[in-house]
Amino acid sequence: MEPDQRPLAVQVIDQRKLPFAFALLTLDSVAAVADAIRQMVVRGAGCIGATAAYGMVLAAREAEGSWSQLQRLGKTLTETRPTAVNLAWAVTRMEQVLLQVPPADWVERAQLEAEAIATEDLAACAAIGRHGLKMIQALRLKQDRSAAAVTNILTHCNAGWLAFVDLGSATAPIYAAHNAGIPIHVWVDETRPRNQGARLTAWELAQHGVPHTVIADNAGGHLMQHGLVDLVLTGADRVTRQGDVANKIGTYLKALAAVDNGVPFYVALPSSTFDWKLRDGLQEIPIEQRDPREVTHLLGVAPPLNNGQELEFQILASSSTAANPAFDVTPARLITGLITERGISPASEAGILACFPEMA
Ligand code: MRU
């Protein structure tokens, strides 16, 4: 068949450059989309899922009517990053709808489905915001706080609007509470090694006018011991059907400290982050091992050096080696509740299935 010549491209925010520069990047091939996910131009579970869905629109054109080629291109996208399940979920969903239509309709059908995935992602985050707001209000009632008392929320990594199509998962309740006039302050873990908390979450919160303070990753336990954290709220990259949560490395330690200090630990996720095939997160969730250079080096600006452009600094002797596991698994038993678009459930198979009975 004749190749479809219509120009197609997806435009994304280059998240590597934030917060020092805001730049858009245009991706016009599957290879470019795969590279953008691999290089973390786009990152965060929902965002890479939606980007991969649009990548499949490009795949629908590049496959030129060949189903096996379409599958190869889908595999290229899926294999870019292993832990966040939204990526494979989006590619599989796109393949399933394309299987139902003739190749001549692939591009048009793929566009519709990618649009649907993006719209659903936003709707899920908005619903998470509504459920999370109720949880924050209930917590304040339980604590018998005055209207002026500040609720301190600790978050790890970036599960904000940059990590989704909009609003974010962990940040949606924060924005909802702030918009409702509840005094909120957010402790933002810097989130070494790539500093998504310091670079992205802090920038997002500042744009929205939400009071926040960036802390070293190891400070959370100390703050909890001194009653300075009312609630921990994180996102997730993959959650098993029994409620084990894979999220950015360091999340598990925050959950341990939260349990030890009686601080509620909530995880916010759209249902596209559930991996319904898995039960035991520790044994079954693949953990991405990233370049040790992210540990041995730091990126940042040091004006007037390099005209204010980012520089990379080595922070340890070349005689040492480094390891860089990018995610860890927080067992369900440490989690107070999961906030999804369907409501708040206990982190247990029974609790999750009460919200998602169709997955029983
Ligand atoms: O490696 P990243 O930046 O893609 O990691 C994902 C994350 O940002 C976090 O783990 C986040 O809390 C969950 S993604 C919504």
- Query: Measuring with a 1.4 Å probe in the full set of protein chains, what accessible area per residue, in whole Å², belongs to segment 126-260?
  - Reply: 35 Å²
- Return the FRET efficiency for the residue pair Gln11, Asp144: r is the Cβ-Cβ distance, R0 is 51 Å, and the value is rounded to the nearest 0.05. 0.60
- Could you tell me which trypsin sites (Lys or Arg not before Pro) in segment 85-181 are loop residues by DSSP with no more than 15 other beta carbons within 10 angstrom of their beta carbon? Arg145
- Message: Per residue, how large is the accessible surface of segment 1-114? Use a 1.4 angstrom probe and give square angstrom.
- Response: 44 Å²
- Task: Figure the gain on full extension for Gln314 and Ala104 (residue separation times 0.36 nm, minus the Cα-Cα span) and round it to one decimal in nm.
- Result: 70.4 nm
- Query: How many percent of the accessible area of segment 211-251 is carbon or sulfur, using a 1.4 Å probe?
  - Reply: 50 percent
- Within the set Lys17/Lys277; Lys17/Lys134; Lys142/Lys254, which residue pairs have Cα atoms separated by over 31 Å? Lys17/Lys277; Lys17/Lys134
- Query: Once label points are set 7 Å from the Cα along Cα→Cβ at both Asp28 and Met359, what is their separation, rounded to one decimal in nm?
  - Reply: 3.9 nm
- Give the carbon-plus-sulfur fraction of the accessible surface of segment 52-94 in %, rounded to a whole number; probe 1.4 Å, heavy atoms of protein chains only. 52 percent
- Note on the structure: Of all DSSP beta bridges having both residues in the chain, the percent classed as antiparallel (nearest 5) is 50 percent
- Query: Is segment 76-133 best put as rounded, prolate or oblate by its Cα gyration tensor, with a ≥ b ≥ c the root eigenvalues, rounded for a/c under 1.5, and otherwise prolate when a/b is larger than b/c, oblate when not?
  - Reply: oblate
- Helical mean residue ellipticity (222 nm; -39500 (n - 2.57) per DSSP H run of 4+; nearest 500) of the chain: -12000 deg cm²/dmol
- Would you mind checking segment 21-40 for residues with the amide N under 20 Å from a putative spin-label position 7 Å along Cα→C-beta of Asn307? 21-25
- Percent of beta bridges antiparallel (DSSP, segment 127-250, rounded to nearest 5): 15 percent
- Jot down the radius of gyration and Dmax of segment 39-197, Cα atoms only, both in angstrom. 19.3, 64
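The values are calculated or read from the model by the stated rules, or taken from the named source; none is laboratory data. Predicted model, so just to flag it, every value in this text is computed and none were measured. Virtual Cβ from ideal backbone geometry, glycine too; neighbours counted across all protein chains shown. Side chains are part of the model used for accessible areas, which takes the heavy atoms of the whole protein and leaves out ligands, DNA and RNA. Shrake-Rupley method; radii C 1.70, N 1.55, O 1.52, S 1.80 Å.
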